[in-house]
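Peer 1: Following this message is one structure expressed as structure tokens.
Just so you know, all these numbers are worked out from the coordinates, no wet-lab data involved. The shown structure was predicted, so the numbers you read here are calculated from the model rather than taken from an experiment. Because the Cβ atoms are built from the backbone with ideal geometry, glycine has one as well, and the counts that use them run over all protein chains shown.
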């Protein structure tokens with residue numbers, strides 16, 4: 001396998017971690033997740049069995065914000081600074097570029113979700129008495145959120161490759177991912193991300209039931225969006241000459 | 001094998017940025033692309049660097065077709081884009097290491113070359129400095145170091161002296177003319193600077209409205225005349241030679 005995507009991942013991720021804006025976003029997403037978690041807990045009072053679903057549902061709701069922020073500038077910033085020309089004239093394929101940029105954005109999204117997850121241990125520490133809690137169920141729920149985040153990040157990479165402006169890519173990603181998360185009609189009533197949980201069967205995941213169908217769906221979506229992003233980058237390369 | 005360009009055209013809508021360009025450059029030649037702003041120099045270099053596809057015509061770089069073997073062309077080409085764009089938040093050596101890894105250079109070779117190019121481009125003392133803290137000339141040197149890092153067969157430099165003060169321009173000019181950069185490889189650079197052409201080029205190709213209007217191998221007159229005057233003189237000489245050549249061909 002080519003090392004190029006890993007080289008790009010390392011460069012992009014290390015540059016992002018040096019940026020103050022990245023840490024502000026980590027803090028903002030974690031704060032939003034904590035606030036949503038607290039609000040959802042108040043609403044689900046007495047239904048402690050729903051704790052993993054409540055917790056993972058809120059993470060699923062904030063993940064689009066992280067995905068939108070960490071993907072929107074992937075191409076626009078390079079285009080604006082002129083470094084895209086140096087990148088596209090290096091012996092790398094469009095697929096390697098897309099994969100490298102996806103890996104860097106996805107690792108930042110996961111890091112953001114990891115910080116946001118701190119609200120659970122904080123809650124468990126402060127709750128008196130601590131609710132019965134199955135760590136395995138939360139782990140499954142987190143795995144589902146991580147899979148969903150991969151699909152959203154891939155969509156963000158596609159939007160970033162297609163849009164000329166960074167803001168347009170960010171708004172498109174946020175709108176599409178939040179719409180997917182908040183589609184009405186979900187059975188997990190009372191949760192802001194309930195419909196998303198239903199579509200993913202997140203609640204089943206967080207009850208410890210592993211259903212491979214949503215996982216396959218999300219992985220397929222991720223691969224499809226990345227494939228489209230590669231094609232868009234390829235066609236933009238040709239279109240830029242006309 | 002050099003560069004072989006045959007009837008290359010590049011159109012942006014109705015405008016021909018490069019119009020039926022035909023020329024050959026052999027290894028060891030250092031060729032200056034000269035012409036006024038908008039003559040098509042940058043577009044021609046971008047075509048040869050595989051950043052833009054041509055509308056028609058064909059070109060090979062070291063025997064590799066520009067369009068069907070573009071990745072092979074990128075492997076053997078070093079390219080310094082206009083303005084030498086580099087990541088400002090990276091350190092000098094960090095950036096060059098990234099570019100070397102992107103070009104799949106093995107570790108020991110990359111370390112050796114990194115040491116060599118940092119020395120050659122007078123960047124050794126600045127290896128950990130963030131690129132944003134460098135002067136324009138030093139940033140251009142980083143771009144040049146990137147272009148020669150992998151020891152390419154072909155070097156394409158888009159206006160390497162643009163916006164540099166005379167001292168920095170002399171430094172970069174001397175680097176381009178030096179054997180470390182030019183020996184055994186094709187060097188094609190665009191410029192508006194007559195002194196740079198005189199110091200670094202063995203030949204000049206003049207472009208006007210995307211067309212090659214003259215291919216000058218005698219650069220001595222540049223010592224006495226500026227580049228616009230020389231462009232006029234070369235174009236005039238080429239126009240005078242064209243009917244004579246046509247008559248020669250028509251004669252039995």
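Peer 1: Order by neighbour count: A:14, B:173, fewest other Cβ atoms within 10 Å first, most last.
Peer 2: Going from least to most buried by this count: A:14, B:173.
Peer 1: Along the Cα→Cβ direction, 7 angstrom out, place labels at residue A:219 and residue B:202. What is the inter-label distance in nm?
Peer 2: Each label point lies 7 Å from its Cα, and together they span 5.7 nm.
Peer 1: Taking the 0 to 90 degree range and rounding to the nearest ten, how far is the long axis of helix B:166-177 tilted relative to the main principal axis of chain B, both from C-alpha atoms?
Peer 2: Taking the Cα atoms of chain B, the angle to B:166-177 is about 80 degrees.
Peer 1: I need B:132, A:236 ordered by Cβ neighbour count within 10 Å, fewest first.
Peer 2: The most exposed by this proxy come first: B:132, A:236.
Peer 1: Still on this model: When A:10, A:42 are ordered from fewest to most other Cβ atoms inside 10 Å of their Cβ, what list results? Don't jump to the answer; show the numbers that get you there.
Peer 2: Details: A:10 17, A:42 8.
With the sparsest Cβ surroundings first, the list reads A:42, A:10.
Peer 1: On to the next question. If you take each beta carbon of peptide A:25-37 and count the beta carbons of other chains within 10 angstrom, what is the mean?
Peer 2: Mean number of neighbouring Cβ atoms from other chains: 0.
Peer 1: To the nearest 0.05, what FRET efficiency results for residue B:37 and residue B:128 with a Förster distance of 25 Å applied to their C-beta separation?
Peer 2: The value I calculate is 0.10.
Peer 1: Now, a different point. Please give the calculated 222 nm ellipticity per residue for the protein assembly as shown, where each DSSP H segment of at least 4 residues contributes -39500 (n - 2.57) and the sum is spread over every residue; nearest 500 deg cm²/dmol? It would help to have the intermediate numbers written out before the result.
Peer 2: On the way: 21 runs with 287 residues, N = 494.
Mean residue ellipticity, 222 nm, calculated: -18500 deg cm²/dmol.
Peer 1: May I ask for the angle, rounded to the nearest 10°, between helix B:227-250 and the longest principal axis of chain B, with both axes built from Cα atoms and the value confined to 0 to 90°?
Peer 2: Orientation of helix B:227-250: about 50 degrees from the principal axis.
Peer 1: Okay, moving on. Could you tell me how many degrees, from 0 to 90 and to the nearest 10, lie between the Cα long axis of helix B:136-148 and the main elongation axis, the longest principal axis, of the Cα atoms of chain B?
Peer 2: In chain B, helix B:136-148 runs at an angle near 80 degrees to the longest axis.
Peer 1: Something else now. What order, most packed first, do the peptides A:59-68, A:168-177 have when packing is the mean number of other Cβ atoms within 10 Å of each residue?
Peer 2: Taking the mean over residues of other Cβ atoms within 10 Å, the ranking is A:59-68, A:168-177.
Peer 1: Taking 45 Å as R0, compute the FRET efficiency from the Cβ-Cβ separation of residue B:235 and residue A:80 and round it to 0.05. Each step should come with its number before you reach the end.
Peer 2: Numbers: r = 37 Å, r/R0 = 0.82.
In this case the efficiency is close to 0.75.
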